[in-house]
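In what follows, a structure is listed as C-alpha cells, so that the remarks can point back to it.
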Amino acid sequence: MSGLEEFTDLAKRVLHLAHEEAERMQQRMIGSEHVLLGLVEEENGVAGRALRDLGVDLDRAREMTLRLSGVGTHREDNIDLAPDAEKILDLAIEQAKQMKSEFVSTEHMLLAILKMDIGLAREVLFKLGVTPEQVRRQVMRVLNEAQDHMASVGERSSRKT
C-alpha cells in the first residue's frame with residue numbers, strides 16, 4: 001500500500017486483514033468495523049493483545065459486525081477505504097505524534113477508532129461490552145508491560161557484557 005511509509009508492518013498487515021474482512025462480508029468499502037476486525041486478528045500487535053485481554057474474540061466481533069452491517073453484494077477485488085477508515089489512518093498518525101512515536105502502529109489505530117464519532121467499530125465494541133476507557137487503559141497497560149520487558153531484557157544483556 002502506498003502512502004503508508006510511516007506505518008509499521010503490523011499496521012499495514014491490519015489494513016490487509018481489514019481488506020480481507022470486507023471481501024469476506026462482500027462489502028464495497030473497508031470501514032472502521034473491518035479495521036477493528038483486522039486489529040483483533042493481528043495477534044502480534046498491541047491492539048490485538050489489548051482487545052483479547054478485554055475479552056474481544058474475533059468470531060464474536062465478526063458476528064456482531066455482521067449483525068450490525070449485514071452481508072453486502074459486492075464481489076470485486078477493488079475495495080476502497082471508506083471515509084471512516086481514512087479518518088482512522090489520519091487520527092492514528094496524530095495519535096502516534098502525540099505519543100511521540102516515530103511510526104504508526106496498531107495501538108495508534110485502535111486509539112484512533114476511540115476518537116471517532118462516526119463508523120461502526122465503536123458500536124461493535126460497545127455491543128461487545130467494551131468501553132473506550134477500558135480500551136485506553138488496557139492499551140496503556142500492554143505498552144507499559146512491553147517497556148518493562150524491554151528494560152529487563154536490556155538489564156540482563158548489559159550484565160552479561
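The values are calculated or read from the model by the stated rules, or taken from the named source; none is laboratory data. Predicted model only: the values in this text are computed from it and were never measured. Positions of Cβ are generated from backbone atoms using ideal geometry, with glycine treated the same way; all protein chains shown enter the neighbour counts. Remember, those area values only see protein heavy atoms, side chains included, never the ligands or the DNA or RNA. Shrake-Rupley method; radii C 1.70, N 1.55, O 1.52, S 1.80 Å.
So the values come out like this:
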| quantity | calculated |
| --- | --- |
| Within segment 44-153, helices (runs of 4 or more DSSP H) holding 3 or more residues that are surrounded by fewer than 15 Cβ atoms within 10 Å (Cβ to Cβ) and without any contact (Cβ under 8 Å) to a residue 60 or more places away in the chain | 58-69, 83-98 |
| Among residues of segment 22-43, those that are within 14 Å of residue 119 (Cβ to Cβ), touching a residue at least 40 places away in the same chain (Cβ under 8 Å) and open to solvent by less than 40 Å² (accessible area, probe 1.4 Å), counted | 10 |
| Which listed residue, of 130, 124, 104, is in contact with a strand residue (DSSP E or B) (Cβ under 9 Å, 6 or more places away or on another chain) and aliphatic (A, V, I, L, M) | 104 |
